[in-house]
Amino acid sequence: MQLLVIEDDEKLAQSLEQGLEAQGFTVTRTRTGEDGFFLASQNSFDLVLLDIMLPGRSGLQILSSLRQSRLRMPVLLLTAKDRVSDRVQGLDAGADDYLVKPFAFPELLARVRALLRRGKLDVASTLRCANLELDRSAHTLRRDGFLIPLTLREFEILEYLLLNSGQVVTREMLSRDIWKEVTRHTPLDNVIDVHIARLRRKLDDDFSPKLLHTIRGIGFILREEAPE
């Protein structure tokens, strides 16, 4: 997968390049708006990570120009602006997702993978992990063939965990993508932990292997083996 990083913070850009390449992506990076627009418009990238505040041409100007040129590659905006109006402006300009600095690399990685998946036409209707099967069409969950009832919120959380199977999902990610909280004046950590605890009891109490694990101080991960 070919990724383009347009970011003028050299330390952050280098960190993103190293982290993404360690995950198997091929990364091209540049620090100016003009160079970024040229690269994005003249090359075939699978995804663009785009800072808003850039020298030469702003990220929103680049984004608008790309969309006007009917270039539809996914764009993930990176910005220090965390107001709701800033997020809305970015999405209205054609961004596919929006991440506020500072952010945890696992969250960025999960969002990158989600955007790349979003472009695929063969998204599975059934998601699996070990002997667990979630039917997204029928809205049902089975483990070892046994039907397990879920609330709507539990279904949404489990679907999100399965789509990011094997990757750490942070509480911030769940807050934004499941609860749709853009700003967290009142932290949702306790609410999230209660839902995770209920979901874990349904998934793991009567079955093996254990699948839903807590990564202390970070978030949660769905995978068959216990975390190290």
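The values are calculated or read from the model by the stated rules, or taken from the named source; none is laboratory data. Everything numeric here is computed off the predicted structure, so don't read it as measured data. No Cβ is skipped: glycine too gets one built from the backbone with ideal geometry, and neighbour counts run over all protein chains shown.
So which residues in segment 67-100 are among the charged types (D, E, K, R) and surrounded by fewer than 15 Cβ atoms within 10 Å (Cβ to Cβ), if there are any at all? Show your work before the answer.
If we filter segment 67-100 for residues that are among the charged types (D, E, K, R), which is where we start, we get 67, 70, 72, 81-83, 86-87, 92, 96-97.
The answer is R67, R70, R72, D82, R83, D92.
Test R70 against the criterion of being touching a Leu at 6+ places or on another chain (Cβ under 7 Å) and basic (K, R), and give yes or no. It would help to see each step written out before you state the result.
On the way: touching a Leu at 6+ places or on another chain (Cβ under 7 Å): no; basic (K, R): yes.
So R70 does not fit the description; no.
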| said: Just checking, does segment 21-33 include any residue being outside any loop (DSSP other than H, G, I, E, B), touching a residue at least 60 places away in the same chain (Cβ under 8 Å), within 16 Å of the chain's Cα centre (by Cα) and surrounded by fewer than 16 Cβ atoms within 10 Å (Cβ to Cβ)? | reply: no
| message | Condition first: surrounded by fewer than 17 Cβ atoms within 10 Å (Cβ to Cβ), under 21 Å from V112 (Cβ atoms) and either out of contact with any His (no Cβ under 9 Å at 6 or more places or on another chain) or free of Cβ contacts under 8 Å to residues at least 12 places away in the same chain (or both). Can you find one or more residues in segment 130-148 that meet it? | response | no
| query | For segment 98-151, what are the residues that are at pLDDT 90 or above, in a loop (DSSP other than H, G, I, E, B) and under 12 Å from L162 (Cβ atoms)? | reply | A130
| note | Of the listed residues (S69, S44, S64), the one being touching a residue at least 40 places away in the same chain (Cβ under 8 Å) and among the hydroxyl-bearing types (S, T, Y) is S44
| Got a number for residues in segment 34-59 being part of a loop (DSSP other than H, G, I, E, B) and under 17 Å from the mean Cα position of the chain (by Cα)? | 1
